[in-house]
Amino acid sequence: MSRRTLLRHATSLLLLPLTMAQAHPALQPADLMCQFKADVDAAGQVSLHFTLRNAGRHDLHLLRWGSPFEGGWFGRFVQASTPQGELPFQGALRKRGDPSAQDYLLLRAGQSLDAELSLADAYALPVGAGPLHLKAGWHWHDVIVGSSPRPPRQRARHQGLDQDCGDITLNR
């Protein structure tokens with residue numbers, strides 16, 4: 001192969017990642033926003049409210065494992081502590097294989113989604129222990145930006161993202 005042909009092939013290979021990046025736009029940190037609120041009822045029960053908003057221009061497929069959008073406490077996405085120390089997590093933990101398409105959440109551009117859970121389903125809350133500090137955050141195990149590729153994606157190809165959702169202190 002001549003030097004000129006080799007140079008032409010090398011230039012083509014260098015341009016390939018740029019073309020792929022334009023076809024699959026990167027997720028910007030401000031594109032996926034999360035709000036976290038907590039309410040205490042008259043009986044002292046704590047309800048957690050999560051709002052996830054896709055402020056970006058592209059639809060997102062989010063693997064919901066270990067997030068409040070999975071429909072229950074199947075991961076430790078909230079850390080709870082009192083002045084006496086961190087409370088032990090008592091929710092379920094799952095070991096998993098490859099995901100199915102139903103394990104992904106489709107969040108369209110501009111769309112918001114809410115989830116509500118009871119803190120008592122994952123933590124034994126001590127009475128009279130003082131303020132309760134809650135910190136919400138999790139890892140999206142796979143995030144697909146745009147419409148291609150379609151979920152599911154094998155674990156070896158997952159592209160994750162850490163999600164910070166803030167913290168709250170409740171004076172109970």
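Within region 150-161, none of the residues are farther than 27 Å from Lys95 by Cα and open to solvent by 30 Å² or more (accessible area, probe 1.4 Å). For region 72-96, taking the residues that are free of Cβ contacts under 8 Å to residues at least 24 places away in the same chain and small (Gly, Ala, Ser), the one that is farthest from Leu48 (Cα to Cα) is identified as Gly85. Please tell me if Ala109 is among the aliphatic types (A, V, I, L, M), surrounded by fewer than 15 Cβ atoms within 10 Å (Cβ to Cβ) and touching a Pro at 6+ places or on another chain (Cβ under 7 Å). No, not satisfied.
Of the candidates Leu106, Leu63, Leu6, Leu48, the single residue that is modelled with pLDDT under 95 and either closer than 30 Å to Arg150 by Cα or aliphatic (A, V, I, L, M) (or both) is Leu6.
Scan region 93-103 and give yes if some residue there is buried (at least 17 other Cβ atoms within 10 Å of the Cβ) and either modelled with pLDDT under 95 or more than 30 Å from Asn171 (Cβ to Cβ) (or both), otherwise no. Checking region 93-103: at least one residue is buried (at least 17 other Cβ atoms within 10 Å of the Cβ) and either modelled with pLDDT under 95 or more than 30 Å from Asn171 (Cβ to Cβ) (or both).
The values are calculated or read from the model by the stated rules, or taken from the named source; none is laboratory data. Worth saying up front: this structure is predicted, and the values here are computed from it rather than measured. Every residue, glycine as well, gets a Cβ built from its backbone with ideal geometry; the counts of neighbours run over all protein chains shown. Quick note on the areas: whole protein, heavy atoms, side chains included, nothing else; ligands and nucleic acids left out. Shrake-Rupley method; radii C 1.70, N 1.55, O 1.52, S 1.80 Å.
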